[in-house]
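Got a structure for you, questions after.
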Amino acid sequence: MTFLRVNQLKVHYPVRGGFFRKVIGHVKAVDGISFELKKGETYGLVGESGCGKTTTGRTIIGLVKATAGEILFDGKDLTKLSRREFVQYRKDIQMIFQDPYSSLNPRKRVLDIVAEPLRNFEKLSPQEEKRKVQGLIEKVGLHSDSVYKYPHEFSGGQRQRIGIARALTLNPKLIIADEPVSALDVSVQAQVLNFMKDIQKEFQLTYLFISHDLGIIRHMCDRIGIMYRGQFVEEGTKDEIFHDPKHIYTKRLLASIPNADPLRRQEQQKLRQQIEKDYEQLYSRYFDAEGRVYPLKRISETHSVAIP
Amino acid sequence: MVKFILRRIMMMIPQLFVLSVLIFLLAKAMPGDALTGQLANNPKMDAQTLAEMREKLGLNDPLYVQYTRWIKNLLHGDLGLSYVHQQPVTDLLAGRMWNTILLSLCILVLTYAIAVPLGVISGRWQDSWADKLIVGYSYVSFATPLFIFALIMLFLFGFKLGWFPTGGSVDIQLEEGTFDYYISKLNHLLLPSLSGALISTVGIIQYLRSEIIDTKVKDFVRTARAKGVPEAKIYSRHILRNSFLPIAAFLGYEITGLIGGSVFLESIFSYPGIGQLFLQSIMQRDYSVVTALVMISGLATLIGTLLSDIILSVVDPRIRID
Amino acid sequence: MKRSVLQIESLRVSFRIQDEYYAAVDDVSLTVHENEVLAIVGESGCGKSALALSIIGLHPPERTKLEGAVVFKGKNLLTQSVQALNQIRGKDIGMIFQDPLTALNPLMTVGKQIEESMDYHTTLSTAEKRNRTLELLEHVGIPNPSQTYDRYPHELSGGMRQRIVIAIAITCNPALLIADEPTTALDVTIQAQIIRLLKNLQQQLNTGILLITHDLGVVAEMADRVAVMYAGEIVELADVHTLFTRPLHPYTRSLLQSIPSLQTPKETLHVIQGIVPPLTKLPRTGCRFRSRISWIHESKHEPHPILREVEPNHWVRCTCYQHFYFPDGGEKA
């Protein structure tokens with residue numbers, strides 16, 4: 001069942017120059033991408049820095065204005081909605097940010113941080129509000145007394161869970177997680193990832209999971225889209241992407257991941273060199289004259305690749 | 001770069017236009033006009049002649065006609081006639097303008113000459129006794145109003161000790177062009193510019209100090225240390241250049257502050273510059289002079305900010321203007 | 001047998017926090033050999049960066065107390081004057097930093113930044129310095145060295161900047177390179193390139209590399225030997241194959257279980273209980289990891305744990321490893 005459909009989404013930023021500051025070109029942060037999210041799944045958006053994955057997430061939640069294209073959510077095109085209409089949908093879509101140190105207001109208590117979305121949308125008495133926040137805080141594994149503390153009194157992993165509690169207050173249907181564990185240590189990372197999986201089942205959440213870390217993407221996601229310079233290079237299920245990558249860019253990305261087995265070091269190195277050679281030799285088969293990828297072509301029910 | 005400067009100058013035109021309208025309207029809204037002042041000074045003037053003169057000078061025309069006439073003359077370099085001094089404002093300003101520019105330059109040079117070494121010492125040897133002394137000085141000078149400080153300086157070094165002249169811009173007996181003439185000019189400048197500088201250093205000292213303290217712990221300074229760069233060179237090649245950036249940008253804005261300061265300084269030291277003239281003209285309701293001076297200071301402010309942007313783009317490779 | 005380039009002996013690095021000194025690195029002894037990558041791995045707050053910076057004295061002296069010895073070329077670096085250290089820094093010991101954007105001076109061309117260390121360590125002429133810089137730029141894989149020479153850091157990509165930082169570190173063919181999280185700020189494809197570059201440099205220049213990282217993947221790719229640090233101490237030390245195939249200390253095993261692995265996917269990741277204690281609250285006696293494996297009985301820990309060689313060249317701290325198991329069903333390896 002399609003839950004969110006992104007259709008030919010474009011986000012272009014004008015570049016100005018010359019005497020009269022005329023628009024002389026565009027930075028194509030997102031350049032015509034389409035994908036769908038099914039209810040209850042985790043969709044991974046992967047790519048290197050500057051590929052447009054974060055911009056895509058921010059556009060869906062309305063933090064960035066789309067230049068063209070549609071974002072269909074519940075049958076409504078979010079890009080066409082006015083500010084006021086959009087607010088209704090903001091309840092259903094929440095975001096978890098990368099840095100738990102800067103995304104929580106240091107001068108507010110946990111109670112106020114978590115209750116903030118609640119105050120914007122629902123009129124609750126202070127008692128009801130407190131009860132609800134305490135319930136959420138316990139759900140994310142913190143003590144209910146924590147609501148009177150300030151963010152600096154928590155560790156990175158705990159802060160990220162407070163951020164998640166805030167995202168959960170309005171019973172959202174879709175959560176956009178933008179590098180939610182990149183700033184955390186591995187053991188804390190594990191904690192947050194496990195927890196995100198748990199609440200997904202409990203609240204029937206759909207995730208759009210944005211990350212540059214392919215290990216985490218593989219651990220979390222059902223389907224994956226690989227982005228390069230604002231466009232999709234390949235899209236498929238986890239198995240298709242990791243075991244049967246078709247695009248040279250995907251292959252190169254996968255080969256770059258450090259191999260956790262030191263005995264296979266030589267092997268991995270050979271593989272990388274081979275792919276690097278292919279990348280240079282077959283470049284024109286995968287990229288057009290401007291170095292951009294071709295439109296996606298469906299090669300199976302679930303697998304699409306950008307080849308001519 | 002040339003394009004950028006040209007564009008900025010083009011942008012000044014609407015800014016100056018708005019300023020000119022504002023000044024014109026404010027001047028008109030003031031009680032009385034240039035001739036009201038004449039009435040008090042000149043007993044022969046009666047209401048009849050006054051009305052005739054008003055008509056003749058076009059003071060009864062609609063506002064927009066008056067404004068157009070004023071702006072047209074302005075563009076031709078005609079700033080109007082000072083009714084108090086009975087001479088064209090342009091002539092009135094010519095000599096004084098140079099005096100003020102000279103004074104401002106002196107203050108500027110002295111300010112930086114005092115503030116930069118103090119700021120560097122303070123930032124590099126943070127929390128040392130020297131730092132504490134400098135911070136103490138900057139607090140005191142921050143708390144002291146310019147006109148009070150200038151008065152004390154004048155009283156102490158001018159009247160009590162007699163080290164410096166107490167008024168004027170040059171000894172009037174001296175002939176222009178002689179060596180003594182320039183020495184006398186400099187001698188007249190020293191006390192007012194020192195008074196101005198000692199007060200205006202505070203911002204730069206504090207700014208530079210905190211910039212250095214911030215820069216000291218930056219990663220690239222650590223990289224320099226890891227390269228084996230001696231401490232003195234760490235400062236001269238890495239920390240100071242980066243810390244001077246905002247100070248350099250400050251330079252242009254400083255000009256605005258100098259114009260404000262010159263009003264007090266020139267009045268207190270009876271220094272014949274435009275600041276002194278400004279105060280006199282306001283008191284004597286010599287509006288053609290006042291409007292001209294406000295226009296000039298507005299222009300100077302705009303040029304100052306432009307200068308700041310240009311300086312910044314020259315010293316910081318990350319800022320490119322095209 | 002490889003020659004050793006650096007011996008760290010009972011090093012203790014303490015920082016002053018409100019008039020009290022707290023040891024971030026506590027009694028650490030290590031040896032780095034030539035043509036070897038010794039990795040120090042651990043989570044933030046384990047003391048690995050504090051250790052790296054103390055070797056060439058980059059901590060602010062007014063807040064830091066250094067004890068023990070760091071012996072390099074027969075000299076204890078901890079007792080050298082700053083002037084004497086400056087003769088070694090950038091010449092015999094090069095350092096690579098984590099964030100290549102902030103590690104470079106924004107107002108200096110990259111060519112000049114590389115050349116700078118030659119100003120103090122060599123007697124080369126201006127032209128020779130420039131040639132050497134171009135050579136270095138080429139060596140670290142920069143296309144168009146002569147154009148890049150006049151570029152400013154902000155004009156280069158992250159990967160290129162990190163190559164500049166590496167070029168600075170290897171300017172004088174150092175015997176030892178200290179690399180503090182050299183790939184953490186980079187994309188994976190760039191990371192793979194930088195790892196390759198560092199491995200090549202190690203072999204070509206016969207350099208010993210002390211690699212500081214939190215990323216076990218980077219360790220597996222790069223290291224020859226690994227020291228695992230927890231709460232200021234080394235808890236396990238072994239060659240890289242042993243460490244990944246037969247990890248013994250509970251902390252090492254827990255770390256390996258908590259990363260999502262591409263090779264062996266698992267449904268839930270292992271979570272280490274509790275948090276790394278802050279510096280001021282580190283347990284200073286007994287096994288420092290015991291509070292995070294509370295299901296292991298107190299009696300299984302040593303009262304004063306020491307690093308023991310449990311098999312040739314495999315060192316483990318505390319006896320608790322003999323009794324350790326995962327409460328959630330153990331390792332799926």
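Here, each number is a calculation from the coordinates, and none is a lab measurement. Because the structure is predicted, anything quoted here is derived from the model rather than measured. Glycine gets a Cβ as well: all are built from the backbone with ideal geometry, and neighbour counts include every protein chain shown.
Within chain A, what's the longest run with no trypsin sites (Lys or Arg not before Pro) in a DSSP loop and at most 12 other beta-carbon atoms within 10 Å? Give the range, please.
My reading of the result: A:124-308 is the longest stretch.
For the residue pair B:Lys28 and C:Asn144, what label-to-label distance in nm results when each label sits 7 Å from Cα along the Cα-to-beta-carbon direction?
Calculated label separation equals 5.9 nm.
Test of understanding: given chain A, find the longest segment containing no GluC sites (Glu not before Pro) that are in a DSSP loop and have at most 10 other Cβ atoms within 10 Å. List each step's numbers first, then the result.
Numbers: sites that count: A:Glu290, A:Glu301.
That would be A:1-289.
Convert each backbone phi in the range C:139-153 into a coupling constant with the Karplus relation 6.51 cos²θ - 1.76 cosθ + 1.60 (shift: θ = phi - 60°), then list the ³J(HN,Hα) values in order as whole Hz, x for Gly and Pro.
Each residue's phi maps through the Karplus curve to give 4, 8, x, 8, x, 6, x, 5, 6, 5, 3, 9, 7, 9, x Hz.
A further question follows. Compute the angle between helix B:179-216 and the longest alpha-carbon principal axis of chain B, please, reported from 0 to 90 degrees and rounded to the nearest 10.
Here the helix axis deviates by roughly 50 degrees.
Pick from C:Val271, C:Val25, C:Val235 the residue whose mean-square fluctuation is largest in a GNM of chain C, springs joining Cα atoms under 10 Å.
C:Val271
What does DSSP give for the range C:4-223 in terms of the percent of beta bridges that are antiparallel, rounded to the nearest 5? Write down the numbers at each step before the final one.
Numbers: 20 of 36 bridges.
Close to 55 percent.
Using Cα positions and a limit of under 29 Å, work out the lysines in reach of A:Lys277, with same-chain residues fewer than 8 apart set aside.
The reachable lysines, counting only those whose Cα sits under 29 Å from A:Lys277, are A:Lys28, A:Lys53, A:Lys238, A:Lys246, A:Lys251, A:Lys297, C:Lys199.
Averaged over its residues, how many other protein chain Cβ atoms are within 10 Å of peptide A:186-198's Cβ atoms?
Rounded to a whole number, the mean comes out at 6.
Counting pairs of alpha carbon atoms under 8 Å apart in space and at least six apart in sequence, what relative contact order in percent does chain C give?
Numbers: 610 pairs, mean separation 66.1, N = 333.
Once normalised by length, the contact order is 20 percent.
Would you mind checking which residues have amide H under 5 Å from A:Met95's amide H? H placed 1.01 Å from N; only 5 or more apart, or other chain.
Answer set, sorted by chain and number: A:Ile176.
Could you check which residue among A:Gln160, A:Gln127, A:Gln200 shows the biggest mean-square fluctuation in a GNM of chain A with a 10 Å Cα cutoff?
A:Gln127
Grab the DSSP H runs of chain C that are 4 residues or longer, score each as -39,500 (n - 2.57), total them, divide by all residues and round the 222 nm result to the nearest 500 deg cm²/dmol. Walk me through the numbers on the way to the answer.
Working: 10 runs with 98 residues, N = 333.
Value at 222 nm, helices only: -8500 deg cm²/dmol.
A further question on this structure: Shape verdict for the range C:155-308, please, from the Cα gyration tensor: rounded (a/c under 1.5), prolate (a/b greater than b/c) or oblate.
Working: a/c = 2.16, a/b = 1.78, b/c = 1.22.
Note, shape of the range C:155-308 comes out prolate.
Pick out, in residue order, every one of the GluC sites (Glu not before Pro) in the range B:174-239 that is DSSP loop and has at most 16 other C-beta atoms within 10 Å; say none if there are none.
On the way: sites: B:Glu175, B:Glu176, B:Glu211, B:Glu231; in loops: B:Glu175, B:Glu176.
Counting only loop positions with at most 16 other Cβ atoms within 10 Å, the GluC sites (Glu not before Pro) in the range B:174-239 are B:Glu175, B:Glu176.
Summing Lys, Arg as +1 and Asp, Glu as -1, what charge do residues with Cβ under 11 Å from the Cβ of B:Pro246 carry, B:Pro246 excluded? Mind dumping the intermediate values first?
Details: positive: none; negative: B:Glu211, B:Asp214, B:Asp316.
Net of charged neighbours comes to -3.
What ranking, highest mean first, results for peptides B:300-310, C:179-189 when packing means the other Cβ atoms within 10 Å averaged over each residue? Let's see the in-between values first.
Working: B:300-310: 17.0, C:179-189: 21.9.
Taking the mean over residues of other Cβ atoms within 10 Å, the ranking is C:179-189, B:300-310.
Follow-up. Loop only per DSSP, at most 12 neighbouring Cβ atoms within 10 Å: give me the trypsin sites (Lys or Arg not before Pro) in the range C:1-40, ordered by residue number.
Values: sites: C:Lys2, C:Arg3, C:Arg12, C:Arg16; in loops: C:Lys2, C:Arg3.
Within the range C:1-40, the qualifying trypsin sites (Lys or Arg not before Pro) (loop, at most 12 other Cβ atoms within 10 Å) are C:Arg3.
For A:Val87 and A:Ile299 in one chain, what is 0.36 nm times their gap in residues minus the Cα-Cα distance, to one decimal in nm? Mind showing how you got there, number by number?
Values: separation 212, 0.36 × 212 = 76.32 nm, distance 3.84 nm.
Extra length available between A:Val87 and A:Ile299 comes to 72.5 nm.
Something else: Percent relative contact order of the range C:185-327, based on C-alpha pairs within less than 8 angstrom and at least six residues apart? Mind dumping the intermediate values first?
Numbers: 154 pairs, mean separation 28.7, N = 143.
Result for the range C:185-327 is 20 percent.
Moving to a separate point now. Using Cα springs under 10 Å in a Gaussian network model of chain A, which residue among A:Pro117, A:Pro172, A:Pro14 shows the largest mean-square fluctuation?
Result: A:Pro14 has the largest fluctuation of those listed.
Helix B:63-75: angle to the longest alpha-carbon principal axis of chain B, degrees 0 to 90, nearest 10?
With both axes taken from Cα atoms, the answer is about 60 degrees.
Also, I was wondering about something else. What is chain B's relative contact order, in percent, from Cα pairs under 8 angstrom and six or more apart in sequence? Don't skip to the answer; put the middle values down first.
Working: 329 pairs, mean separation 82.3, N = 322.
For chain B, the relative contact order is 26 percent.
With angles folded into 0 to 90 degrees, how steeply does helix A:265-281 sit against the dominant principal axis of chain A? Use alpha carbons for both and round to 10.
For helix A:265-281, the angle is close to 60 degrees.
Between C:Ile212 and residues 5 or more places away or on another chain, which pairs have amide H atoms under 5 Å apart, with H built 1.01 Å from N, and which residues are they?
Residues meeting the criterion, in which the H sits 1.01 Å from N, are C:Ile40, C:Ala179, C:Asp180, C:Glu181.
What is the distance, in nm, between label points placed 7 Å from the Cα along the Cα-to-Cβ direction at A:Glu122 and at C:Arg16?
5.3 nm
Could you line up A:Cys51, B:Cys106 from fewest to most neighbouring Cβ atoms inside 10 Å? Spell out each step's value before the answer.
On the way: A:Cys51 22, B:Cys106 18.
In order of increasing Cβ crowding within 10 Å: B:Cys106, A:Cys51.
Suppose R0 equals 22 Å; then what is the FRET efficiency for A:Glu36 and A:Arg292 from their Cβ-Cβ distance, rounded to the nearest 0.05? Don't skip to the end; give the middle numbers.
On the way: r = 23 Å, r/R0 = 1.04.
About 0.45, to the nearest 0.05.
Can you classify the range B:265-318 as rounded, prolate or oblate using the Cα gyration tensor, where a ≥ b ≥ c are the square roots of its eigenvalues, rounded means a/c under 1.5, and otherwise it's prolate if a/b beats b/c and oblate if not? Each step should come with its number before you reach the end.
On the way: a/c = 6.14, a/b = 2.37, b/c = 2.59.
Here the range B:265-318 falls in the oblate category.
With the cut-off at 1.5 for a/c, could you classify the range A:230-308 from its C-alpha gyration tensor as rounded, prolate or oblate? The partial results should precede the final answer.
On the way: a/c = 2.76, a/b = 1.43, b/c = 1.93.
Note, shape of the range A:230-308 comes out oblate.
In whole Å, how far is the Cα centre of the range B:241-256 from that of the range C:41-91?
37 Å
I've got another one for you. Can you list the chymotrypsin sites (Phe, Trp or Tyr not before Pro) in the range B:158-205 that are in a DSSP coil and have 14 or fewer other beta carbons within 10 angstrom?
Values: sites: B:Phe159, B:Trp163, B:Phe179, B:Tyr181, B:Tyr182; in loops: B:Trp163.
Passing sites in the range B:158-205 are B:Trp163.
What order, most packed first, do the peptides C:85-92, B:109-116 have when packing is the mean number of other Cβ atoms within 10 Å of each residue? Don't skip to the answer; put the middle values down first.
Numbers: C:85-92: 21.1, B:109-116: 18.6.
Answer by packing, highest mean first, reads C:85-92, B:109-116.
Among C:37-47, B:213-223, what's the highest-first ranking by average C-beta atoms within 10 angstrom per residue? Kindly include the intermediate steps, with their values, before the conclusion.
Numbers: C:37-47: 23.3, B:213-223: 18.0.
In descending order of packing, they fall as C:37-47, B:213-223.
May I ask you to compute the full-extension gain from B:Gln126 to B:Ser236, defined as 0.36 nm times their residue separation minus their alpha-carbon distance, rounded to one decimal in nm?
Details: separation 110, 0.36 × 110 = 39.60 nm, distance 1.68 nm.
Extending this stretch completely gives an extra 37.9 nm.
Sorted from fewest to most neighbouring beta carbons within 10 Å, what does the list C:Ser29, B:Ser184 look like? Before the final figure, lay out the partial values.
Values: C:Ser29 15, B:Ser184 19.
Ascending number of Cβ neighbours within 10 Å: C:Ser29, B:Ser184.
May I ask you to sort A:His219, A:His12 by Cβ crowding, counting other Cβ atoms within 10 Å and putting the fewest first?
A:His12, A:His219
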